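Notes follow the structure.
None of the figures in this text is laboratory data; all of them are computed from the coordinates on show. Nothing here was measured: the structure is a model prediction, and the numbers come from that model. We place every Cβ from the backbone using ideal geometry, glycine too, and count neighbours over all the protein chains shown.
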Amino acid sequence: MCGIHVSISRNGLQTPSQELEDLLCKRGPDYTGKCHLEIGEPKPSHFISVTSTVLALRGGSVARQPFVDQGTGSILCWNGEVWKLGQSALEGGNDGQVLFDRLVAAAAIDLHGEPSAVVEVLNSISGPFAFVFLDKLHSQIFFGRDCLGRRSLLHKSSLGYIEFASTSDFAEAQWEEVEADGIYMITYIDPLKTTGTDSLSSQAVSSPFPVRRFPWNDGAGVSLGVFNRGVATKPPALTLDTGSVLALWDHLRDSLKLRILNIPEPPAATTGNTTRVAILFSGGLDCTVLARIAHDILPHDQDIDLINVAFENPRVVAAANKPIKVSKKRQGRAIGSNLGTKNYITPNEELEAKTLKATEVGPFELCPDRETGRKAFLELGEVCPHRTWRFIAVDIPYTETRAHKDQVIGLIHPHNTEMDLSIAFALYFASRGTGTAISNADRTPSAYTTPARVLLSGLGADELFGGYGRHHVAFERTGFSGLLDELELDVNRLGKRNLGRDDRVISHWGKEARFPYLDESLVKWAVRCPIEEKCGFRIEKSEPETPYLESDKKVLRLLAYKLGMQSVAQEKKRAIQFGARTAKMEVGSTKGTTLIS
C-alpha cells in the first residue's frame, strides 16, 4: 500500500498541502520520497511535483518511491500488487520495480508517442492497483485504477493545472474519483499527439490537458469476461460434490496463496508478535470461509487475528430504557428498510433492547456481529485446533464515534451519504485493530493491537454469488434474468460504489486490504459460471445427504459445510452497518441515501 500525489501545472510548482502529505504518510509509513521537474527551455513551461509514500509488503527491503529512471527521466508512482504480469506470477523482489522497468522499456519502443506497448504492459497486470506513470520521452502521463477499482485514485483540476492523489485534503471539496474503466493518458506539451483511433472516454477526466482513455481489453488478467446468461430448463440441485463447489475451493486457495504467503514480518515483530495476517471478521459466511482456507495455507506457527467491531448505538440503548412500540406493519420489514424519520426501531433492535435491559451485559456483546463472531471463532478453534486464532473485540463507544466523525467524512470524500459513513465507521475502527483479545490458546482477555498490516476482506462474495436481499427481490420479480441483471450491475459498479472509499478508510492506519473474492481469475470464473451453479433460488434439494442451506450464495455455503464449518454455513447475510450497529445511530436518522449533514 502506498500514497500517491502528482501535480502538473503551467502556473508554477504545486506541492501537496501539509495536511495531505500527512495523510499520505499514514498510508505509507515506511518511506516518503519526492521529486520535482521543470520542463521547457530556456524558461520552464510546465512544473511537475511527485510525492510517494510506501508501506513495504513485497520483497525483502523497502522499495523507495517514486521510481525514477536516470536515463529517460521517466517516473512511476505505484500503489498496488502485481500478482501476475500476463501469465507469469511474480515471485520475490519488488513488483513495482519490475513493472517500472517494463514500462520504461515499452515507452522506448512506442513510436511517435502512440502508446501501444505501454498500454499492453498495463493491460497485462493481474492485481489491485492505482498508478501514475510519467513517460518523459513523449511528454505523456498515464494514470488509472485496476478494472475493479480496488485502490483509490482521486483527481482535481483547474485552469492549467491537474492533480492526482490517493486521498484528499479534508478541506477540499473538488476531488473526484478516477473511473476504473480503463487507462487514461494526458499529453501535457504537444496536443497533436492525442490524435489517433483510441476512443475518448464518454466520462473523460476533467483536465486542462488533452485526455485519452484506453478501455480495459481482453488481455491477460484484465477483462472480467461476459456474464453467462444461460439458464437450465430444470436446474439441478446443488450438492456438496457439485463441480462449482470444488472449483470455487480451488480458486479461493489460489487467490489466498497470492495474498497471504511471503508477507514480511511487521515492524512490531520485535515485541515477539509476528502475526502477519488479520481478517475483518463478522463471523459471517464470507470472512469465515477465508479464515478456514487460510488455515490450510499458512504455516501453523503463524497466528491469525480475527478483528470484530461493535458499536454503542444510542437508539438501542435508549430503547432499553424506554421501549418504543413497533407497529405490526413495521414488524414485517427487514432490518435496514427505510423507516423514514419517525421514531421507530426494527423488531430485532427491540428484542436486543429488551435483552440489554434484562441482562445488563452492555451494548457491544449484543451487537449481531459480535454474537456471530464469537460463535464462528469457537467453531474455527474446534475445526482447526492447531492454529492460534486470536479474537479481537473492538468496542467503540458513541462518544468515540462522534470524535472521529469529521476524520471519517474526510477520508470517504467524494462519497457523502449516510450509508457511506456508516460502512466507513465500521471499517475505520476495525482496521485500526485495537481492542480486547482472547485466543483459543489463552482465554484471558487482554488489551491488544494487531501488528498485522495485511487485512483480508470478504467483499465481493455477495456481488458474485447473490448474497443481498435485493437479489432475492430481483429473482422473485423476474426470475433468473432479473437476478443476472442485478449481479452484473453489482460487479460493474464495485469500484465506483465501494472499493475506492474502503481503500482510503482502511489504509489510513498503515494497513492494506486484500480481497480474495475479487481475484481476476476467480471473478472471471464466477461470471462464466451458470447461475444455477452459484445460487439455490427455487432449486429443490434432491440428495438426502445434502444439508438444507439458505439459497443465497449457495455455492459458498456448501463449501463452508464441506470444510467443516457447518454452523457458519447456515448464517444469514447481514450488512456490516447493521451487524456492527453503525446504521441509524440517532433517533430520527434518515435513510442511507441521504447526504451527510
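Using the 2.2 N^0.38 Å rule of thumb for compact globular proteins, work out how region 2-215 stacks up: its C-alpha Rg over that value, please.
0.95
Largest first and in whole Å, what are the equivalent-ellipsoid semi-axes of region 457-580 based on the Cα gyration tensor, each being the root of 5 times an eigenvalue?
26, 18, 14
Over region 352-509, what per residue volume does the convex hull of the Cα atoms give, in whole Å³?
Once divided by residue count, the hull of region 352-509 is 169 Å³.
Amide H to amide H under 5 Å from residue 312: which residues, 5+ apart in sequence or cross-chain, H placed 1.01 Å off N in plane?
It is 396, 398, by chain and number.
So how long is each side of region 66-130 along the principal axes, counting just the alpha-carbon atoms, biggest first, in Å?
Projected onto its principal axes, the Cα set of region 66-130 covers 32, 22, 19 Å.
Whole-Hz Karplus ³J(HN,Hα) for region 303-308, in order, using 6.51 cos²θ - 1.76 cosθ + 1.60 and θ = phi - 60°, x for Gly and Pro?
Couplings: 5, 10, 8, 10, 9, 10 Hz.
Per-residue HN-Hα couplings for region 274-289, Karplus 6.51 cos²θ - 1.76 cosθ + 1.60 at θ = phi - 60°, whole Hz, x for Gly and Pro?
9, 4, 10, 10, 10, 10, 5, 10, 8, x, x, 4, 4, 6, 6, 4
Suppose every Lys and Arg Cβ carries +1 and every Asp and Glu Cβ carries -1, with no other charges. What dipole size does region 2-215 come out with about its Cα centre, to the nearest 20 debye?
80 debye
How many nm is it between the label spots at residue 72 and residue 497, if each spot is 7 Å from the Cα in line with the beta carbon?
3.9 nm
Would you please give the FRET efficiency between residue 436 and residue 593, computed as 1/(1 + (r/R0)^6) with r the Cβ-Cβ distance and R0 = 45 Å, to the nearest 0.05?
Taking R0 as 45 Å, the efficiency between residue 436 and residue 593 is 0.80.
Nearest 0.05, what FRET efficiency do residue 485 and residue 365 give at R0 = 56 Å with Cβ-Cβ as r?
Computed FRET efficiency for residue 485 and residue 365 comes out at 0.90.
For the residue pair residue 402 and residue 476, what label-to-label distance in nm results when each label sits 7 Å from Cα along the Cα-to-beta-carbon direction?
Distance between the two pseudo-spin positions: 3.9 nm.
List the residues whose amide H sits under 5 Å from the amide H of residue 594, counting only those 5 or more places along or on another chain, with H placed 1.01 Å from N in the peptide plane.
418, 419
When ranked by the protection proxy of mean other Cβ atoms within 10 Å per residue, highest first, what sequence do the peptides 367-377, 63-73 form?
367-377, 63-73
Could you calculate the contour length gain from residue 159 to residue 386, that is, 0.36 nm times the residue separation minus the distance between their Cα atoms, to one decimal place in nm?
Between residue 159 and residue 386, full extension yields 75.6 nm more.
If amide H atoms are built 1.01 Å from N in the plane of the peptide, which residues on other chains or at least 5 residues away come under 5 Å of the amide H of residue 454?
It is 278, 512, by chain and number.
Assuming R0 = 45 Å, can you tell me the calculated FRET efficiency for the pair residue 17 and residue 528, based on Cβ-Cβ distance, to the nearest 0.05?
0.45
Let me know the shape class of region 13-136, please: from the alpha-carbon gyration tensor, a ≥ b ≥ c as square roots of the eigenvalues, rounded when a/c is under 1.5, otherwise prolate if a/b is greater than b/c, or oblate.
It comes out oblate by the Cα gyration axes.
Could you check the spin-label model distance between residue 31 and residue 375? Points 7 Å from the Cα along Cα→Cβ, value in nm.
Label at residue 31, label at residue 375, 4.7 nm between them.
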